[in-house]
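> What follows is a single structure, and I will ask about it in a moment.
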Amino acid sequence: MAPKKAKKKSAEGANSNVFSIFEQSQIQEFKEAFTIMDQNRDGFIDKNDLRDTFAALGRLNVKQEEIDEMLKEASGPVNFTVFLTMFGEKLKGADPEETILNAFKVFDPEGKGVLRKDFITEMLTTQADRFTPEEMEQMFAAFPPDVAGNLDYKNLVHIITHGEEKDQE
């Protein structure tokens, strides 16, 4: 019994630094999301929890393979620490908000905070890691330009880095 306990302790130690990656408010938001997804309230997210979560979001025909692939990303049973670690790993490669904003500001010398849809489309489909037409369609479906054809890149960057829209004050 002792070796199993020691192994568990070292596994927790490996994940304990994940709590230092996020601010307390972010951890609380992840905890709320975890609680919503843990439909049976057993402290773990399993196949049934994922299926029920998708159903609650209106997605009823999720393939079992898709759910299995999602769970394979975890190092073991998905408790809150594993859940948080998975998000930490996903976000590790993400650039900070300021870096992404500065990339957009290069194309916005007047500092208006918006860029023309046709200009963004040209840049993203002809430069560096080029977007496909499908990717452009997805982006503009998720972040539609205003009636004048401008994309609010400051809000876009905020959503990319924080996962929610800025409060309009």
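> If we scan the range 97-108, do we find a residue that is open to solvent by 80 Å² or more (accessible area, probe 1.4 Å), among the aliphatic types (A, V, I, L, M) and touching a helix residue (DSSP H, G or I) at 6+ places or on another chain (Cβ under 8 Å)?
No.
> So, in the range 95-121, of the ones that are part of a loop (DSSP other than H, G, I, E, B), among the acidic types (Asp, Glu) and more than 21 Å from PRO144 (Cβ to Cβ), which residue ends up modelled with the highest pLDDT?
That would be GLU110.
> Continuing with the same structure: Determine whether ARG59 is within 27 Å of LYS31 (Cα to Cα), over 17 Å from the mean Cα position of the chain (by Cα) and basic (Lys, Arg).
Taking the combined requirement at face value, the residue satisfies it.
> Might you check whether a residue that is at pLDDT 90 or above and outside any helix (DSSP H, G or I) occurs anywhere in the range 84-94?
No, because not a single residue in the range 84-94 is at pLDDT 90 or above and outside any helix (DSSP H, G or I).
> Could you check how many residues of the range 53-82 are more than 20 Å from VAL18 (Cβ to Cβ), open to solvent by less than 40 Å² (accessible area, probe 1.4 Å) and not in a helix (DSSP H, G or I)?
The total comes to 1.
> Taking GLN28, is it assigned to a loop (DSSP other than H, G, I, E, B), modelled with pLDDT of 80 or more, farther than 16 Å from SER75 by Cβ and open to solvent by 70 Å² or more (accessible area, probe 1.4 Å)?
No.
> Cβ-Cβ distance below 7 Å, separation of 6 or more or different chains: which pairs start in the range 108-134 with a residue that is polar (S, T, N, Q) and end on one that is modelled with pLDDT of 90 or more and open to solvent by less than 100 Å² (accessible area, probe 1.4 Å)?
THR121/MET136; THR125/PHE131; THR125/MET136
> Sticking with this one: Among the numbered criteria (1) surrounded by fewer than 16 Cβ atoms within 10 Å (Cβ to Cβ); (2) modelled with pLDDT of 90 or more; (3) under 18 Å from the mean Cα position of the chain (by Cα); (4) within 30 Å of ASN155 (Cα to Cα), which one does LEU50 miss?
Unmet for LEU50, out of (1) surrounded by fewer than 16 Cβ atoms within 10 Å (Cβ to Cβ); (2) modelled with pLDDT of 90 or more; (3) under 18 Å from the mean Cα position of the chain (by Cα); (4) within 30 Å of ASN155 (Cα to Cα): (1).
> Inspect the range 135-144 for any residue being in contact with a helix residue (DSSP H, G or I) (Cβ under 9 Å, 6 or more places away or on another chain), modelled with pLDDT of 90 or more, farther than 30 Å from GLY88 by Cβ and part of a helix (DSSP H, G or I) and give the result as yes or no.
no
> Of the conditions (1) touching a Ser or Thr at 6+ places or on another chain (Cβ under 8 Å); (2) in a helix (DSSP H, G or I), LEU124 clears all except one; give me its number.
Just one mismatch for LEU124, condition (1).
> Which of (1) within 17 Å of the chain's Cα centre (by Cα); (2) surrounded by fewer than 16 Cβ atoms within 10 Å (Cβ to Cβ) is the odd one out, the single condition THR132 does not satisfy?
Status for THR132: all satisfied but (1).
The values are calculated or read from the model by the stated rules, or taken from the named source; none is laboratory data. No experiment lies behind these values; they were computed from the predicted model shown. Cβ: placed from backbone, ideal geometry, glycine included. Neighbour counts: every protein chain shown. Only protein heavy atoms, including side chains, enter the accessible area calculation; ligands, DNA and RNA are left aside. Shrake-Rupley method; radii C 1.70, N 1.55, O 1.52, S 1.80 Å.
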